[in-house]
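Below: the structure, in structure tokens.
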Amino acid sequence: MQRKEYFGLSLSLVIIIALLTFINSNYFALTKVTVKGNGLLTNEEIINFTGLNNGQNIFQIDFDKVSNRLMRQPQIKGVVLERRFPSTVRIIVDERTPLVVIQQGGDCLLVSKEGWIVDKRKELTDVSLPLLKGLDVKILGNKIKMTSYIKDSLRYLTGIDEVVNRGITQIQIDNQRNIIFYLGSSKVEFGQPLNINYKVKLFKRIYSKLKKEEKNFDYVNLKYYNNPVIKLE
């Protein structure tokens, strides 16, 4: 009985040692990193942020540390890491979406709904996002300070943009704190940031009706939302 127990224990130990040796062998050395879900950052940039190097054993990679390195980037909202045996790590990122452009000094900042600065450009030749004007913007690290007027402007934007299909070119806050949207040469005056949800629904009805009737407008005034004013081209 003792010999059988000794034999069983020895066999188990041999199996464990063999398994550990196999796990730590070059068979599981990292040779490939794949990236999915990115658009703002390139594959190379994301891989560089991870700190991963070819030859690392994929079982010894600390995914928590890698994830934290990636989450420090303002463009990245979420990340999933996967081991693909025998030698691949897969990175799936969820990037923040830029919603508006804010000019600051000589830079054009692409800003997300939450205020994250996800990109910085010198020119806007290849950017089709509305320009937010008329406010002094404070930058706090990789974010802008989200004042109530910025938040309200973005509430209007996210509410109506699905209807106008990113046709909004500019958001202006005038000296009386009225919020004005420009759709090319057309203007939508929302007035003070009051009853935002109602004004959004009202504009969407007006816009859809004009679109259906194939009519273009010069401006829509919703300052007095109970009595909207529409001027056609």
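Looking at (1) under 19 Å from GLY39 (Cα atoms); (2) modelled with pLDDT of 95 or more; (3) exposed (fewer than 13 other Cβ atoms within 10 Å of the Cβ); (4) not hydrophobic (A, V, I, L, M, F, W, C), which is the only condition LYS77 fails?
(3)
Do the conditions hold for VAL200, that is, is it at pLDDT 95 or above and either surrounded by 12 or more Cβ atoms within 10 Å (Cβ to Cβ) or not assigned by TED's automatic domain parsing to the domain that holds GLN170 (or both)? First the steps, then the outcome.
On the way: at pLDDT 95 or above: no; either surrounded by 12 or more Cβ atoms within 10 Å (Cβ to Cβ) or not assigned by TED's automatic domain parsing to the domain that holds GLN170 (or both): yes.
Criteria not met by VAL200.
Considering each of LEU232, LEU194 in turn, give the residue that is surrounded by fewer than 17 Cβ atoms within 10 Å (Cβ to Cβ), modelled with pLDDT under 95 and of a type in the set (A, V, I, L, M, F, W, C).
Details: LEU232 fails: modelled with pLDDT under 95.
Selected residue: LEU194, the only one of LEU232, LEU194 that is surrounded by fewer than 17 Cβ atoms within 10 Å (Cβ to Cβ), modelled with pLDDT under 95 and of a type in the set (A, V, I, L, M, F, W, C).
Suppose we filter region 163-172 for residues that are outside any helix (DSSP H, G or I), over 17 Å from LYS133 (Cα atoms) and touching a residue at least 24 places away in the same chain (Cβ under 8 Å); how many remain? Explain how you work it out, then say what you get.
Restricting attention to region 163-172, the residues satisfying the condition of being outside any helix (DSSP H, G or I) are 165-172.
Remaining after also requiring over 17 Å from LYS133 (Cα atoms): 165-166.
With the extra rule that they be touching a residue at least 24 places away in the same chain (Cβ under 8 Å), the set shrinks to 166.
The number of residues fulfilling the criteria is 1.
Do we have ILE117 as touching a residue at least 12 places away in the same chain (Cβ under 8 Å), in the same structural domain as TYR182 (by TED's automatic domain parsing), surrounded by 13 or more Cβ atoms within 10 Å (Cβ to Cβ) and out of contact with any Cys (no Cβ under 8 Å at 6 or more places or on another chain) here? Don't jump to the end; show me each part of the working.
Working: touching a residue at least 12 places away in the same chain (Cβ under 8 Å): yes; in the same structural domain as TYR182 (by TED's automatic domain parsing): yes; surrounded by 13 or more Cβ atoms within 10 Å (Cβ to Cβ): yes; out of contact with any Cys (no Cβ under 8 Å at 6 or more places or on another chain): yes.
Judged against the criteria, ILE117 is a match.
Taking region 120-168, which residues are of a type in the set (S, T, N, Q), touching a strand residue (DSSP E or B) at 6+ places or on another chain (Cβ under 9 Å) and surrounded by fewer than 15 Cβ atoms within 10 Å (Cβ to Cβ)?
Keep residues of region 120-168 that are of a type in the set (S, T, N, Q), which gives 125, 128, 142, 147-148, 153, 158, 165.
Now drop any that are not touching a strand residue (DSSP E or B) at 6+ places or on another chain (Cβ under 9 Å), which leaves 142, 153, 158.
The answer is ASN142, THR158.
Tell me which residues, restricted to region 37-54, are more than 11 Å from GLN73 (Cβ to Cβ), free of Cβ contacts under 8 Å to residues at least 40 places away in the same chain and among the hydrophobic types (A, V, I, L, M, F, W, C).
If the condition is that a residue be more than 11 Å from GLN73 (Cβ to Cβ), free of Cβ contacts under 8 Å to residues at least 40 places away in the same chain and among the hydrophobic types (A, V, I, L, M, F, W, C), then LEU52 is the only one that fits.
For region 124-147, what are the residues that are β-branched (Val, Ile, Thr), part of a loop (DSSP other than H, G, I, E, B) and in contact (Cβ under 8 Å) with a residue 12 or more places away in the chain?
VAL127, VAL137, THR147
Restricting to region 182-210, and then to whatever is touching an Asp or Glu at 6+ places or on another chain (Cβ under 8 Å) and in a strand (DSSP E or B), can you tell me which residue is farthest from LYS133 (Cα to Cα)?
The residue in question is SER186.
Select from region 39-74 the residues that are touching a Ser or Thr at 6+ places or on another chain (Cβ under 7 Å) and not polar (S, T, N, Q) and write down the one among them that is surrounded by the fewest Cβ atoms within 10 Å (Cβ to Cβ). It would help to see each step written out before you state the result.
Residues of region 39-74 touching a Ser or Thr at 6+ places or on another chain (Cβ under 7 Å): 54, 58, 66, 69-70.
From what is left, the residues that are not polar (S, T, N, Q) are 58, 66, 69-70.
On the way: ILE58: 19, VAL66: 18, ARG69: 16, LEU70: 20.
Result: ARG69.
Might you check whether a residue that is part of a helix (DSSP H, G or I) and surrounded by fewer than 14 Cβ atoms within 10 Å (Cβ to Cβ) occurs anywhere in region 212-223? Outline the logic, then answer.
The first filter runs over region 212-223 and keeps only residues part of a helix (DSSP H, G or I), leaving 212.
Now narrow it down to the ones that are surrounded by fewer than 14 Cβ atoms within 10 Å (Cβ to Cβ): 212.
For region 212-223, residues part of a helix (DSSP H, G or I) and surrounded by fewer than 14 Cβ atoms within 10 Å (Cβ to Cβ): present.
Do we find a residue being in a strand (DSSP E or B) and in contact with a helix residue (DSSP H, G or I) (Cβ under 8 Å, 6 or more places away or on another chain) anywhere in region 48-56? So that I can check it myself, show each step before the final result.
Going residue by residue through region 48-56, those that are in a strand (DSSP E or B) are none.
For region 48-56, residues in a strand (DSSP E or B) and in contact with a helix residue (DSSP H, G or I) (Cβ under 8 Å, 6 or more places away or on another chain): absent.
In the set ILE196, ILE180, which member is closer than 17 Å to ASP152 by Cα, among the β-branched types (Val, Ile, Thr) and in contact (Cβ under 8 Å) with a residue 40 or more places away in the chain?
Details: ILE180 fails: in contact (Cβ under 8 Å) with a residue 40 or more places away in the chain.
The match here is ILE196.
Among ILE160, ILE150, ILE206, which is touching a residue at least 12 places away in the same chain (Cβ under 8 Å) and farther than 30 Å from ASN38 by Cα? Let's see the steps before the verdict.
On the way: ILE160 fails: farther than 30 Å from ASN38 by Cα; ILE150 fails: farther than 30 Å from ASN38 by Cα.
Just a single option satisfies the conditions, and that option is ILE206.
The values are calculated or read from the model by the stated rules, or taken from the named source; none is laboratory data. For clarity, every value in this text was computed on a predicted model and none was experimentally measured. Virtual Cβ from ideal backbone geometry, glycine too; neighbours counted across all protein chains shown.
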